[in-house]
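Here's the structure, in structure tokens; my notes come after.
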Amino acid sequence: MDRTFKNRFLSISLFLVISLLMLSCDNKEADDVKSYFTVSPENLVLDFEATGGTSFYTVNSDKTVQVISDKPDWCKAVLTNVSFDNLKIAVSENKEFQERKATVTISNGLEKRTIRITQQGVHPILTVDKNNVFIQFGKPEFTLDVDANIPFHFELPEWVTEKEGNEWREGKKTYAFMLSELPDELLIRESSIMIKSTNESIQIQPVAISITQKAVTKIIAHRGYWQTPNYPQNSLASFRRAIDLGIYGSEMDVYITTDGVVVLNHDATINGINVENSTYDDLKNIKLSNGEPMPTLRNCIILAKERNTVKLVIEIKPHSTTTNENRAVDAVVQLVEEYGITHLVDYISFSQNICKRLIAKNPKNRVAYLNGNLTPDALYNDGYWGLDYSSSVLKSNTSWVKRAQNLGITTNVWTVNSTEDFEYFISMGVNFITTDYPQNLKQLLTTYK
Ligand code: MG
């Protein structure tokens, strides 16, 4: 071989060796490309709520795969055959109200793949069947249907109480509540019931239920309940009867004698004897038509205290002198306080002197004016608790009841006896109707819902 040929031969040989080497390398790479390992999905968000369940994953691998980590214990790989295409992961139910996460790691011996699982928690439920409660007529109670899967509690205004047995139970349950009696001074009161989770870590909006309680017109028996024989006006028998019939209040008329005894009588005289100019001894043997003696206020107070339900609406009659009026006021208030029944007594009078003295003695005395010649604003400014006007006065001044309501003073109307007038004043929204027929009014009110 000449030198040139030899060099060419060496070059070709070298090329062939390099080519073979390269080819050999290419074949090795081709073998590696055969190796594959995929898992799908890699990330999974489960919303199993309380049910739990099984998820399937597609595994593509040219080598045997095994699960090397499947913690925590609520999330398990179900591995029955290592040459699988589908990997099962069983997830237990999540009773928590927060999401939880798990990572499952699988390997084909050379590489690892991870599956990230997020499981949502149980959705907290707290729903109520109504947004507001309005109560006027009927029983002062109501129910709420609450659907909840979380512990909760009620926050109530002080005038609303839960009935017994209202403990929380999961799911839908009816809860019962009662309202306390609306004070006479209030025609309406409004507040909210809040329903809140007792577990602050559970994120859920409290539920608010608005609650409105409106006054029902209350019945005052005019001079007791005397519409049956043997129950004369201003007698103990008529007051006892009104109490027995469940009438809210009884009105009575009183005078003071010269020796300081407060007695019941509508007129200034009885059997021709002037009451305020007489001693009690002069009067004590006078009998009413049913044979009972003329009652004293003390008798009535003892009865009212004993029964502790009826309201006494004490009308102190105008007397012939301011001195006697003042004596009457002082004696009446002293009796009421002596027996501790201030909460059961309203005072009324046609005399401004009497009313003002009652208010001056104690601004908390509930004093209503009868004579109809003062506006609600004037009464309010003088510290009156309310107005107690004739039906004709209120029919002539149709804005006064509303005005009194706005000022926060009470309204009473006398003496209303017809169904038509009952309905007129109920719809006007008066606090009290004074009537000779309390049973009729009571019956009518039961028809309101
Ligand atoms: Mg009277």
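Comparing 145, 184, 70 in a Gaussian network model of the chain, where Cα atoms under 10 Å apart are tied by springs, the biggest mean-square fluctuation is seen for 70. Along its first, second and third principal axes, ordered by size, segment 297-377 spans 36, 27, 18 Å in Cα coordinates. Label separation (residue 188 vs residue 427): 1.8 nm, computed from points 7 Å beyond Cα along the C-beta direction. Across q = 0.17, 0.18 Å⁻¹, segment 405-449 modelled as identical point scatterers on its alpha-carbon atoms has Debye log10 I(q)/I(0) values of -0.45, -0.51, in the order of the q list. Pair-distance distribution of segment 37-119: all C-alpha pairs, bin width 5 Å, starting at 0; shares per bin in whole percent are 3, 16, 29, 25, 14, 8, 4, 1, 0. DSSP beta bridges fully contained in the chain are about 60 percent antiparallel. Here the dipole of segment 218-446 is about 460 debye; that uses its Cα centre as origin and unit charges on the Cβ of Lys and Arg (positive) and Asp and Glu (negative).
Taking each pair of different alpha-carbon atoms in segment 218-446 once, compute 1/r for the pair, average those values, and report the inverse of that mean as the Kirkwood hydrodynamic radius in Å to one decimal. It would help to have the intermediate numbers written out before the result.
Values: mean 1/r = 0.0565 Å⁻¹.
The answer is 17.7 Å.
What is the list of residues in segment 203-218 whose amide nitrogen lies under 19 Å from a point 7 angstrom out from the Cα of residue 162, following Cα to Cβ? Answer for this model: 204-211.
GNM remark for the chain: springs join alpha carbons under 10 Å apart, and the peak mean-square fluctuation among 100, 240, 298 falls on 100.
Going 7 Å from the Cα of residue 326 toward and past its Cβ, which residues in segment 360-386 have a backbone nitrogen under 17 Å from where you end up? Within reach of a label on residue 326: 360-362. Of all lysines in the structure, the ones whose alpha carbon falls short of 27 Å from that of residue 112, not counting any fewer than 8 places away in one chain, are 28, 34, 63, 71, 76, 88, 101. Bridgeable aspartates and glutamates around residue 311 (alpha carbons under 17 Å apart, same-chain partners fewer than 8 residues away excluded): 181, 184, 185, 244, 251, 253, 337, 338, 346, 388, 436. Spin-label pair residue 125-residue 407: with each label point 7 Å from Cα along the Cα-Cβ axis, the two points sit 5.4 nm from one another.
Calculate the all-directions average of the projected area of the chain's alpha-carbon convex hull, and give it in nm². Please report the intermediate quantities before stating the final value.
Numbers: hull surface 162.3 nm².
With the hull built on Cα positions only, its mean projection is 40.6 nm².
Checked against a 23 Å cut-off, the cross-linked pairs 196/449; 172/449; 218/402; 317/402; 173/442 give Cα-Cα distances beyond that limit for 196/449; 172/449; 317/402; 173/442. Amide H contacts for residue 270 (H built 1.01 Å from N in the peptide plane; partners 5 or more residues away or on another chain; cut-off under 5 Å): 275.
For segment 337-449, go through all pairs of different Cα atoms, get the mean of 1/r, take its inverse, and jot down that Kirkwood value in Å.
This gives a value of 14.7 Å.
In debye to the nearest 20, how big a dipole does the chain give about its Cα centre with +1 on each Lys and Arg Cβ and -1 on each Asp and Glu Cβ?
Numbers: 46 positive and 54 negative charges, 197 e Å.
Approximately 940 debye in magnitude.
Taking only the C-alpha atoms of segment 370-412, the Rg (one decimal) and the largest Cα-Cα distance, Dmax (whole number), read 9.0, 24 Å. By the count of other C-beta atoms within 10 Å, a proxy for reagent exposure, 347, 389, 437 are ordered fewest to most as 437, 347, 389.
Can you tell me what percent of all Cα-Cα pairs in segment 218-274 are more than 19 Å apart?
Details: 526 of 1596 pairs.
That fraction is 33 percent.
Spin-label pair residue 273-residue 440: with each label point 7 Å from Cα along the Cα-Cβ axis, the two points sit 3.5 nm from one another. Considering every alpha-carbon pair of segment 217-348, the percent of pairs per 5 Å bin, from zero through the bin containing the longest distance, is 2, 11, 23, 24, 21, 14, 5, 1, 0.
Sequence-ordered 3J(HN,Hα) estimates for segment 214-226 from the Karplus curve with 6.51, -1.76 and 1.60 and θ = phi - 60° stand at 10, 5, 9, 4, 9, 9, 10, 7, 6, 6, x, 9, 10 Hz, glycine and proline given as x. Here the dipole of segment 126-214 is about 260 debye; that uses its Cα centre as origin and unit charges on the Cβ of Lys and Arg (positive) and Asp and Glu (negative). Pop the C-beta distance of residue 60 and residue 170 into the FRET formula with R0 = 45 Å and round what comes out to the nearest 0.05. It comes out at approximately 0.50. Counting only DSSP H runs of at least 4 residues, each contributing -39500 (n - 2.57), and dividing by the residue count of the chain, the helix-based mean residue ellipticity at 222 nm comes to -8000 deg cm²/dmol. Divide the volume of the convex hull around the Cα atoms of segment 88-180 by the residue count and you get 118 Å³ per residue. Cα gyration tensor of segment 126-214, axes a ≥ b ≥ c as square roots of the eigenvalues: rounded (a/c below 1.5), prolate (a/b > b/c) or oblate? Prolate, because a/c is 1.5 or more and a/b exceeds b/c.
Just so you know, all these numbers are worked out from the coordinates, no wet-lab data involved. This is a predicted model, so every value here is computed, not measured. Every residue, glycine as well, gets a Cβ built from its backbone with ideal geometry; the counts of neighbours run over all protein chains shown.
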